[in-house]
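Trainee: Mind having a look at this structure? Questions to follow.
Values quoted throughout were computed directly from the atomic coordinates according to the rules given, and no laboratory measurement underlies them. From a predicted model like this one, the values you see are computed outputs, not experimental measurements. Heads up, the Cβs are rebuilt from the backbone with ideal geometry, glycines too, and the neighbour counts pull from every protein chain shown.
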Amino acid sequence: MNARDIPPSAADAVIRPEIAAMHAYPVADAEGFIKLDTMENPYRLSPPLREELGRRLAEIEINRYPAPSYTRLKALIAEKLGVPAGFDVVVGNGSDEIITMLTTLVARPGACIVAPAPSFAMYPLAAKIAGVRYVAVDLKPDFTLDLPAMLATIERERPALTHVCFPNNPTGNAFAVADIEAILRAAPGLVVIDEAYQPFALDTWMPRLKDYPNLVVMRTVSKLGLAGIRLGYCSGAKPWTDGLEKVRPPYNLGVLHEAAGIFALEHYEVLALQAQLLRESRADLSAGLARIAGVEQFPSRANFILVRVPDSARAIAGLKARRILVKDVGKQHPLLANCLRISVSTPEENALLLAALAASV
Ligand SMILES: *Cc1c(COP(=O)(O)O)cnc(C)c1O
């Protein structure tokens, strides 16, 4: 018998049914498109920095395993990205892996994870893969937190983990600080604040780790111009970081990722400047969107803007015909009907998007 001849029924008897019923995470084929669907930073490093990075990577001993303490990388993260003194850093292969590790950490029988909805798709996905019950609490139609509903759910479910995405993907707003404080006080378990968009919001909970022993702050360098190297990190009180170190695959960052992350953080001012450019472009994009009749936009603190159009299928088709890719989030949640999520990009790409959208609504 050849491996291809395994009857599907034999696999069905082995693979967990809830996994068999899933689809692999969809990623659109972007060949030849202006890519405004995944919040990437459109700016690359300058040619001299790229050459220097190439020389740095050429020196790496790829015959060796990484040193799993990632000491220099973590020290740079702490120094450049504002982790308070005395708090450890845990690194992940993207914050996606940190979400998986956090979920694994709390996946006791009967455990529950709570989060607002709509929010980041990886929270329910990680819970499903780990077999943990997930309870979503709808946001209000203006995408603010429904605090009474959140608190009632926390009281009823006693969640081991509560996710708060700040600013929230895919809505772009940052929830009220007082609401999040109320959640931190009420939650019996861990509260993870996902600050993937911190470079564009500037507000951060990182300094408040000292005030809330149940708080973990998670970030990534993906939206800061380094999506390709897969580097996320989090910090929190010692029981959490120690626990995460036990579930972290020991060599989760390859030596090339590690070296590229160190190099990029040594030139952090370049990334910070790019984020500033994108914050300025966000204001220009927003002003342009306001001039297109039929497009409703929601205020954004992130490097994307959520818009509602009269007919999202028509708008997506029009943008596709003009070789522009945006994210159709309409099916993710009833509150997002006819909504598109558009990454903020360079002035040139933003202008192309605005012209194409005006012709497609
Ligand atoms: C993009 C995104 C991440 C994923 O980050 P990676 O580090 O690329 O895995 C995490 N959280 C939110 C809310 C995001 O939008």
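Trainee: Mind checking which aspartates and glutamates have their C-alpha under 16 Å from Lys128, skipping anything on the same chain fewer than 8 residues away?
Mentor: Within the straight-line cut-off, Lys128 pairs with Glu18, Asp96, Glu97.
Trainee: Kindly work out what percent of the DSSP beta bridges joining two residues of segment 59-266 are antiparallel, to the nearest 5.
Mentor: Values: 9 of 26 bridges.
Counting DSSP beta bridges with both partners in segment 59-266, the antiparallel share is about 35 percent.
Trainee: For Ala28, what is the net charge nearby, where nearby means another residue's Cβ is under 11 Å from its Cβ and Lys, Arg count +1, Asp, Glu -1? List each step's numbers first, then the result.
Mentor: Working: positive: Lys35, Lys320, Lys327; negative: Asp29, Glu31, Asp37, Asp328.
Taking every Cβ under 11 Å from that of Ala28, the sum is -1.
Trainee: Of the beta bridges DSSP finds with both residues in the chain, what % are antiparallel, to the nearest 5?
Mentor: Details: 18 of 38 bridges.
So the antiparallel bridges amount to about 45 percent of the total.
Trainee: In addition: Sorted from largest to smallest, which semi-axis lengths in Å does the alpha carbon gyration tensor of the chain give for its equivalent ellipsoid, taking the root of 5 times each eigenvalue? Can you show the working numbers first?
Mentor: Details: eigenvalues 180, 149, 118 Å².
In descending order the semi-axes read 30, 27, 24 Å.
Trainee: Sort out for me the Cα centre separation of segment 140-164 from segment 14-60, rounded to whole Å.
Mentor: Each part reduced to its Cα centre gives a spacing of 32 Å.
Trainee: Alpha carbon centre of segment 219-240 versus segment 337-361: separation in Å?
Mentor: If you average the Cα positions of each part, the centres end up 28 Å apart.
Trainee: In a GNM of the chain with a 10 Å cut-off on Cα contacts, which of Phe200, Phe33, Phe143 has the highest mean-square fluctuation?
Mentor: Maximum among the listed residues: Phe33.
Trainee: Given the DSSP H assignment, sum -39500 (n - 2.57) over each helix run of at least 4 residues in the chain and divide by its residue total; what's the result at 222 nm in deg cm²/dmol, nearest 500? It would help to have the intermediate numbers written out before the result.
Mentor: On the way: 14 runs with 144 residues, N = 361.
Estimated from H runs of four or more residues: -12000 deg cm²/dmol.
Trainee: Counting other Cβ atoms within 10 Å, keep those with at most 12, restrict to DSSP loop, and tell me which GluC sites (Glu not before Pro) in segment 1-68 are left. Could you put the intermediate results ahead of the total?
Mentor: On the way: sites: Glu18, Glu31, Glu40, Glu51, Glu52, Glu59, Glu61; in loops: Glu31, Glu40, Glu59, Glu61.
Hits after loop and neighbour filter: Glu31, Glu59, Glu61.
Trainee: Still on this structure, I have one more. For the chain, build the charge dipole from Cβ charges (+1 Lys, Arg; -1 Asp, Glu) around the Cα centre, then report which of Ile15, Phe143, Gln274 sits farthest towards its positive end.
Mentor: Ile15
Trainee: Turning to a different aspect of this structure: Would you mind ranking Leu285, Leu335 so that the residue whose beta carbon has the fewest other beta carbons within 10 Å leads the list?
Mentor: Working: Leu285 27, Leu335 16.
Arranged by neighbour count, lowest to highest, Leu285, Leu335 become Leu335, Leu285.
Trainee: Over segment 59-266, what lengths in whole Å, largest first, do the semi-axes of the equivalent ellipsoid take, defined as the square roots of 5 times the eigenvalues of the alpha-carbon gyration tensor? The partial results should precede the final answer.
Mentor: Values: eigenvalues 165, 65, 47 Å².
That gives 29, 18, 15 Å for the three semi-axes.
Trainee: Also, quick follow-up: Evaluate the relative contact order of segment 125-212 (contact order divided by residue number), counting alpha-carbon pairs under 8 angstrom at least 6 apart; express in whole percent.
Mentor: Answer for segment 125-212 is 27 percent.
Trainee: Relative contact order (percent) for the chain, with alpha-carbon contacts under 8 angstrom and 6 or more residues of separation?
Mentor: Details: 615 pairs, mean separation 78.3, N = 361.
Value for the chain: 22 percent.
Trainee: Turning to a different aspect of this structure: For segment 89-148, what value does the Rg/Rh ratio take when both radii are computed over Cα atoms and Rh is the Kirkwood radius, given to two decimals?
Mentor: Numbers: Rg = 12.7 Å, Rh = 12.5 Å.
Ratio of gyration radius to Kirkwood radius for segment 89-148: 1.02.
Trainee: Excluding residues fewer than 8 places away in the same chain, name every one of the aspartates and glutamates whose C-alpha is closer than 13 Å to that of Lys238.
Mentor: Answer for Lys238, where 13 Å is the Cα cut-off: Asp88, listed by chain and number.
Trainee: What do you get for Rg/Rh of segment 149-220 when both radii come from the Cα atoms and Rh is the Kirkwood radius? Kindly include the intermediate steps, with their values, before the conclusion.
Mentor: Working: Rg = 11.8 Å, Rh = 12.4 Å.
Value, to two decimals: 0.95.
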